[in-house]
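We did not get these values from a lab; they are worked out from the coordinates using the rules stated. None of the values given here were measured: they were computed from a predicted structure. Cβ coordinates were reconstructed from backbone atoms using ideal geometry, including for glycine residues, and neighbour counts include every protein chain displayed.
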Amino acid sequence: MNPILLAEAVKSVGTPAYVYDLDAIRDGVRALKAAFGTERHHIAYAVKANSAAEIVRTIAREGAGADVVSGAELGLSLACGIAAERIVYSGVAKRDDELDRAISSGTDGIGAIQVESVEEIARIEARAAFMGWKARVSLRINPGVELEDLSTHAHIATGHDEAKFGVPITDVSRALAALSRAPHLVLVGLTAHGGSQFTTTAPYVASAKALFALAREVLKTHKLDYVDAGGGFGIDYGDGCEATPADFVRAALEEKKAHGLDALALYVEPGRALVGSHGVLVGRIIQQKVVSDRRWVMLDTGMNDLMRPALYGAKHRIELADRAHQGDRAWRVVGPVCESSDDFGEHALGENPEGLVAIRDAGAYGYSMASRYNGRALPAEVFVSEGKVIAARARDDDEAWIKDRLAAGR
Ligand SMILES: Cc1ncc(COP(=O)(O)O)c(C=O)c1O
């Protein structure tokens, strides 16, 4: 999205505002789908990356389903028109009411509840038995890839053996035994998710290899419909990203074939790769601060709106959005929140930066992680298609926050 369009897009809602390019999101899903060719597959969009209905619907219209991690995300996905059987549900601590919703959604329950521990099997069985329904489940295994081989930030690496996620491969026989004592559960798949923001296919393939080798073993005694290699496709935040989403799919398909699993469908669960590059956080420079040779620009947007820099040390490209580039003078770009980690790093903003800034590649894990910390309002959201704003949501206001905080008072 060009700067003129960004400035235009936030005119009615002000800043901070996330601006999303729905056409680019749609085209990304199409390109990902094309990578599967004629192979049986399912794209389960990881709704946690961005749960705005306009975005979920845009992705769903292209035939994708959803990967959800809460009853609320499940309800939202259904409300956005995704059929229950096209939804998979991950999460290490699903509440009973969330399980009930998954078991009883649609005519036949959701596509699969992804089991994250042996202990969870008895809980899902008990809920399904209580409700008198059968529930489809997939075993989310922990592929046990070494943390350094996952080559991503430790906070977003999930497929190593110290992570809380998934059933360790060494526990799979125990899980299968527990499933054999669960008449209301039907095993349909095996799932692995190694981590996020992989910039090459190597860690994805390492996780998929462990998954596919296990699937071969499980198929000796059980039926399976699919293997799910998870999400994790990286995007270019400015330092490059060697592999495209299609490369991840092609690499996984090749491995699946090499493991003789042609009869099984391949599921993937991309989040970031479908939305990350197609969202911009637009903020406004409130003021500059210069102390001898130190220079800051203070924004009206910070870690409360975009947490990734504070949480993972992530770097986002930042540029002036409503005026031409003014040279390479570097400024430390910081937000308004009372935390030292509310810091977007050094950026070349020129001699006298003023006006709007565009914080690039903020479409994933941006708004969905935003908070009202420091009493700051949740940012606005603007949805653009064919160069025009087609929908917008205003920033919630200070009065709404005050009312919320007063709500439980006596
Ligand atoms: C189980 C699962 N699937 C998919 C995803 C999406 O990952 P990404 O946004 O990196 O594609 C995540 C992210 O945390 C996840 O935990």
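For the chain, a Gaussian network of Cα nodes joined below 10 Å ranks 42, 184, 193 by mean-square fluctuation, and the top entry is 184.
A simple count of charges around residue 181, restricted to other residues whose Cβ falls under 12 Å of its Cβ and scoring Lys, Arg +1 and Asp, Glu -1, yields 0. With the convex hull drawn around the C-alpha atoms of the chain, the volume per residue stands at 154 Å³. A crude spin-label estimate for the pair residue 323 and residue 296, with each label 7 Å from Cα along the Cβ direction, gives 2.1 nm. Between region 357-403 and region 112-138, the alpha-carbon centres lie 36 Å apart. With the cut-off at 29 Å, tell me which of the pairs 33/209; 134/220; 33/223; 48/134; 257/315 have Cα atoms farther apart than that. Checking Cα-Cα distances, 257/315 exceed 29 Å. Of 125, 242, 255, the sequence from fewest to most neighbouring Cβ atoms within 10 angstrom is 242, 125, 255. Secondary structure note: in the chain, about 40% of the DSSP beta bridges are antiparallel. The Rg/Rh ratio of region 1-132, with both radii computed over alpha carbons and Rh defined as the Kirkwood radius, is 1.07.
Residues considered: 113, 87, 285. Largest GNM mean-square fluctuation over the chain, using C-alpha springs under 10 Å, is found at 285.
Report the equivalent ellipsoid semi-axes for region 91-268 in whole Å, largest first, defined as the square roots of five times the eigenvalues of the gyration tensor built from alpha carbon atoms. Present the calculation step by step, with values, prior to reporting the outcome.
Details: eigenvalues 163, 60, 45 Å².
Each semi-axis is √(5λ); the values are 29, 17, 15 Å.
Can you tell which of 307, 369, 131 shows the greatest fluctuation in a Gaussian network model of the chain with Cα springs below 10 Å? Maximum among the listed residues: 131.
Taken over the Cα atoms of region 306-357, the convex hull encloses 79 Å³ per residue. The residues 403, 256, 94, when put in order of fewest to most other Cβ atoms within 10 Å, stand as 403, 256, 94.
Excluding residue 44 itself, calculate the net charge of residues whose Cβ lies under 11 Å from the Cβ of residue 44, where each Lys or Arg counts +1 and each Asp or Glu counts -1. Working shown, then result.
Working: positive: 86; negative: 67, 228, 269.
So the surrounding residues net to -2.
Taking the helices alone, the chain has a mean residue ellipticity at 222 nm of -8500 deg cm²/dmol, built from -39,500 (n - 2.57) per DSSP H run of at least 4 residues and averaged over all its residues. Note on region 247-311 and region 23-67: Cα centroid distance 16 Å, given to the nearest whole angstrom.
In what order do 365, 18 fall by count of nearby beta-carbon atoms within 10 Å, going from fewest to most? List each step's numbers first, then the result.
On the way: 365 25, 18 28.
Least crowded to most crowded, the residues run 365, 18.
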